[in-house]
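Structure first, then comments.
The values are calculated or read from the model by the stated rules, or taken from the named source; none is laboratory data. All values reported here derive from a predicted model rather than from experimental measurement. For neighbour counting, all protein chains shown are included, and Cβ atoms are generated from backbone atoms with ideal geometry for every residue, glycine included. For the accessible areas, the whole protein counts, side chains as well, though only heavy atoms, and no ligand, DNA or RNA atoms are used. Shrake-Rupley method; radii C 1.70, N 1.55, O 1.52, S 1.80 Å.
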Amino acid sequence: KASKEYFETVTTCFMDQQDMEKLGITDGTHVTVTSDAGSVVLKAVKYPRGSLLGKMYLPYGPWANVINSDETTTTGMPTCKGVKVEVEATPEKPILTLLELFQLQFGKKGVECHQ
């Protein structure tokens, strides 16, 4: 989970081309995705398998956890589907590394993460 390939996979959100055009987002642009639970910067890419109009797909990982609520409704697993988000093009904002993300989310300095 410390590989570049993992990072690229779980920090890429897939969007419908029409939604991207409507929001002024070009393929590969950094976007800020915000939900009631939090906000995270990701790379937006056109969904390659057809239409995804009005939806976004983000592979499960630490970055997805930022926008998912910690409410489990007694299942022990947070809801990962149907999370309402706002997406904004923010090409100037960097995607946080795993270490930066953990430090921001948990507020602990000195957290070690081997990348």
- Item | DSSP-loop trypsin sites (Lys or Arg not before Pro) across the stretch 16-77, with at most 12 other Cβ within 10 angstrom | ARG49
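Run the helix sum for the chain: -39,500 (n - 2.57) per DSSP H stretch of 4+ residues, divided by residue count, reported at 222 nm to the nearest 500 deg cm²/dmol.
Values: 4 runs with 29 residues, N = 115.
Per the formula, -6500 deg cm²/dmol.
Considering only DSSP states other than H, G, I, E and B, which chymotrypsin sites (Phe, Trp or Tyr not before Pro) in the stretch 24-102 qualify as loop sites with at most 11 other Cβ atoms within 10 Å?
Passing sites in the stretch 24-102 are TYR60.
Size of the dipole of the chain about the Cα centre, Lys and Arg at +1 and Asp and Glu at -1 on the beta carbon, nothing else charged, in debye to 20?
Values: 12 positive and 14 negative charges, 41 e Å.
Roughly 200 debye, rounded to the nearest 20.
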- Query: Could you give the length gained on full extension between GLN103 and ASP70, defined as 0.36 nm per residue of separation minus the Cα-Cα distance, in nm?
  - Reply: 10.1 nm
- Query: Roughly how many percent of the accessible protein surface of the stretch 9-86 is carbon and sulfur, given a 1.4 Å probe and a whole-percent answer?
  - Reply: 51
- Give a residue-ordered list of calculated ³J(HN,Hα) values for the stretch 11-28 (Karplus: 6.51 cos²θ - 1.76 cosθ + 1.60, θ = phi - 60°; whole Hz; x for Gly, Pro). 10, 10, 9, 9, 10, 6, 4, 5, 5, 4, 4, 4, 8, x, 10, 9, 4, x
- Query: Projected area of the chain, taken from the Cα convex hull and averaged over every viewing direction, in nm²?
  - Reply: 7.9
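Find the accessible area per residue for the chain; the probe is 1.4 Å, ligands and nucleic acids are left out, and the unit is Å².
Values: 7660 Å² over 115 residues.
With the other protein chains kept in place, the chain gives 67 Å² per residue.
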